[in-house]
Each structure stands twice: as C-alpha cells, then as structure tokens.
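Each remark here refers to the structure printed beneath this line.
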Amino acid sequence: MWIVDNSENNVNSYPQLEEAASLLKKGEVVAFPTETVYGLGADATNDKAVKKIFEAKGRPSDNPLIVHIGNANQLDGLVEEVPLKAKKLIEAYWPGPLTLILKSKTGVSQGVTAGLSTVGVRMPSHPVALALLQKVNLPIAAPSANLSGRPSPTTAQHVYEDLQGRIAGIVDGGQTGVGLESTVLDCTCEPPLILRPGGVTKRQLEEVIGKVEVDQALLKEEEKPKSPGMKYTHYAPNAPLFIVSGTREFMRETIMKAQEDGKRVGVLSTEENHSFYPGDKVIVCGHREDQASIAASLYDSLRAFNQEDLDIIYSESFEREGLGEAIMNRLVKAAGHKIISEE
Ligand code: TXA
Ligand code: MG
C-alpha cells in the first residue's frame with residue numbers, strides 16, 4: 001500500500017505508475033485518479049482480479065463494472081459493434097467523462113458485466129489514468145474506489161479512509177476534476193438512454209447525436225432503474241440528510257426549528273448563502289453561480305459531515321439543469337429522497 005503525493009500529475013516523473021501497472025498485470029487491485037472520481041482498477045480479462053474489486057468494496061455482485069481503456073482500438077476486443085451514434089460520441093467526448101453501454105462480445109468476464117449482454121466502456125481523460133492504462137495495455141474494470149454506499153472518492157485520502165488494508169495500492173493524483181461520476185449512456189437502444197447523468201450533459205450529447213432520452217426511473221422513485229447501480233443507497237452521511245427546496249429564509253427557519261428542538265444541525269450551503277445559516281456545522285460546497293465548483297466538492301462535503309457529531313443535516317437544493325442534473329441526482333440519493341419543500 002503506497003500513497004505518494006504527486007498532485008502535479010507529471011506522468012513522466014511517476015515512479016508509482018510502473019509499480020501500479022505491474023500490480024494490475026499480476027491481478028491485484030489498485031486505485032487510480034480519473035477526471036471524475038478515483039477508480040478501483042483490476043484486469044478486466046482476469047475473473048479472479050475482478051472478484052477482488054467486489055470483495056474490497058463490499059459491492060453487490062449484480063452491479064456491473066465500467067471497463068476503462070487507454071486506446072480506442074481496445075473496443076474491438078470488448079464489444080460486438082459500435083453504432084454510428086456511439087462513434088460520433090467517442091469522437092466528440094473521449095477521452096472524457098462519458099461511459100457508453102454497448103453489446104458485449106462473448107468472453108467479456110461475467111464478473112464485469114454481472115451477466116448482462118452489454119458492457120459499459122469509457123476512456124478517461126485524466127493524464128495519470130491514461131498513462132496507466134496505456135502502460136498496462138489491458139482493459140481495466142474500475143468502479144469508484146469507495147466502500148459500497150459511501151460517497152465516491154475525489155482524493156487519494158478518501159480512498160485510503162475507505163480501503164486501506166483491502167487493496168494493493170493507490171496512485172495519488174491530487175483532487176479529481178469533475179467530482180461526480182461519468183455520464184452513463186445506453187447505446188443499445190434508440191434513442192440512446194441516459195442511465196446516469198454526469199460530466200457530459202444531455203445537451204452536450206444531443207448536440208452531437210440528436211435526441212437522447214433519460215431513464216424515467218431517474219426522475220420517478222417507483223420505477224426500477226435500468227442501470228443496476230442506481231437502485232442502491234449511496235453517498236449517505238451518517239446523520240439523516242434532507243434537501244430543503246425553497247428560499248434561503250425557509251432554509252434558515254428549518255435549521256432554527258431543529259436547533260430549538262435541541263438538535264445539532266449540519267448545513268450544506270453554497271458560498272453565496274453560508275453566512276445566512278445558523279447551523280452547528282456549515283459546510284460550504286462551491287458557488288451557486290458555478291455548477292462545476294459544486295460538483296467538484298460535493299462528495300468531499302458529504303464525507304466531511306461524518307467528522308462531526310450531528311443529529312440532522314439540511315442541504316440547499318439546486319436547479320436540475322446542465323450539470324445540475326447530476327448534482328441533484330447524487331444529492332437526492334444521498335438524502336434517500338427526503339426533500340422538504342417550502343410549498
Ligand atoms: O466516472 C466513473 O464512471 C467512475 C470512474 C472510476 O471511471 N466509475 C464509476 O463506476 O462510477 P461505478 O461502478 O461506481 O458505477 C458504474 C455504473 C453503475 O451504476 C452500473 O450499474 C452502471 O454504471 N453500469 C455498468 N455497466 C452497465 C451495463 N452493462 N448496463 C447498465 N449499467 C451499467
Ligand atoms: Mg460507484
């Protein structure tokens with residue numbers, strides 16, 4: 001287990017990369033930075049290695065993994081065909097935070113696909129991830145490198161907190177950029193279907209391939225989501241989290257009421273509003289005017305609440321637009337769909 005600070009991401013002076021690559025080739029699991037969140041990688045062609053990912057994370061085995069590649073040619077070994085729309089998206093957004101679900105070739109590890117006939121593939125843009133993938137020259141299965149149910153890790157420290165003693169190593173690349181997981185797009189149906197909103201927005205997809213639909217289960221709680229991973233509780237801090245939808249005056253009243261009841265209140269606020277809230281622990285998560293800054297610090301903020309002894313946490317609510325779609329998707333999951341509305 002090693003963790004070396006190298007937030008510069010100068011891949012030419014990364015002694016860890018050699019070691020990480022050789023561990024991956026030997027069938028060990030290693031965490032590495034991507035532009036979205038840290039991934040927990042293993043050789044996707046090695047069943048035993050893939051099994052170790054599930055063990056380390058405590059992840060249910062019916063939840064398939066995303067395969068990461070460093071070279072688009074590797075797609076040939078993984079998928080039956082790449083439809084034209086997928087080709088266009090690859091050209092536009094790879095490397096980058098977009099996972100494409102495609103028909104898998106027989107022979108792709110059942111551990112990776114969880115028995116489905118499809119496989120999720122992405123090429124990350126983080127220089128360290130790309131350098132590592134190219135060095136290993138194998139498709140690498142990698143879920144987010146957190147314990148199942150915890151917020152995804154956006155720093156090597158988060159990975160360490162969750163997985164120390166359970167994995168062979170962590171490649172430190174400093175804080176990740178986007179901060180939320182990749183967009184997952186099912187390209188086996190027409191029109192293609194967003195199974196998980198992420199760094200590439202619906203509008204950006206539609207600019208390239210026209211109409212794209214959103215899995216209805218992402219909008220309504222009752223329906224079973226098509227992406228197996230979307231049905232599990234995720235990201236939840238220890239104290240119950242509620243999203244407060246309404247004015248900041250309403251948010252302040254809600255906080256004060258709970259405090260009057262003797263509760264220790266945590267507050268997730270944007271920079272613009274934090275001085276307005278009387279919480280026992282107010283954590284600032286980006287600027288309301290800059291969605292990317294909220295996405296980048298959301299998981300770190302959710303984790304930080306666990307260092308406090310709190311009875312309840314209230315979070316501001318965000319517009320479901322652009323990157324806001326992904327932000328609210330994760331926040332609503334973290335809150336277990338508990339939303340308090342002003343009206
Ligand atoms: O940004 C990311 O995508 C990160 C980094 C490490 O690349 N990875 C990540 O992996 O978030 P994970 O395992 O935490 O989430 C993968 C999601 C899950 O919701 C899973 O159910 C879905 O993708 N998925 C994977 N393969 C699928 C498939 N064949 N069909 C439908 N959904 C699939
Ligand atoms: Mg995950």
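Couple of notes before you dig in:
- With Cα atoms defining each centre, the stretch 27-75 and the stretch 316-340 are spaced 27 Å apart in the structure.
- Projecting the Cα atoms of V212, L100, Y235 onto the dipole axis of the chain, where Lys and Arg carry +1 and Asp and Glu carry -1 at the beta carbon, places L100 farthest toward the positive end.
- Based on DSSP H segments of at least four residues, each scored -39500 (n - 2.57), the chain has a per-residue ellipticity at 222 nm of -8500 deg cm²/dmol.
- Cβ-based exposure ranking for L89, L185, in which fewest neighbours within 10 Å come first: L89, L185
- Of the GluC sites (Glu not before Pro) found in the stretch 250-311, those in coil by DSSP whose Cβ has at most 10 other Cβ atoms within 10 Å are E289.
- Residue-by-residue Karplus 3J(HN,Hα) for the stretch 132-142, coefficients 6.51, -1.76, 1.60, Hz, glycine and proline x: 5, 4, 6, 5, 6, 6, 9, x, 10, 6, 8
- Under a model in which nothing but the beta-carbon of Lys, Arg (+1) and Asp, Glu (-1) is charged, the chain shows a dipole of about 1040 debye around its Cα centre.
- Extent of the stretch 146-191 along its three principal axes (Cα atoms, max minus min coordinate, largest first): 44, 22, 18 Å.
- Note that the stretch 192-343 shows a convex hull volume over its alpha carbon atoms of 115 Å³ per residue.
- The stretch 11-118: trypsin sites (Lys or Arg not before Pro) falling in loop per DSSP and having at most 15 other Cβ within 10 Å: K26, K105
- Here the simple spin-label model places points 7 Å from the Cα toward Cβ, and for E271 and E81 these points are separated by 4.9 nm.
- Averaging over all projection directions, the Cα-based convex hull of the stretch 259-327 occupies 4.6 nm² in the image plane.
- Ranked by the mean number of other Cβ atoms within 10 Å of their residues, highest first, the peptides 69-80, 134-145 fall in the order 134-145, 69-80.
- Here the average projected area of the convex hull drawn through the C-alpha atoms of the stretch 1-148 stands at 8.3 nm².
Just so you know, all these numbers are worked out from the coordinates, no wet-lab data involved. Source: prediction; values computed, not measured. Here Cβ is always computed from backbone atoms with ideal geometry, including for glycine, and neighbour counts include all displayed protein chains.
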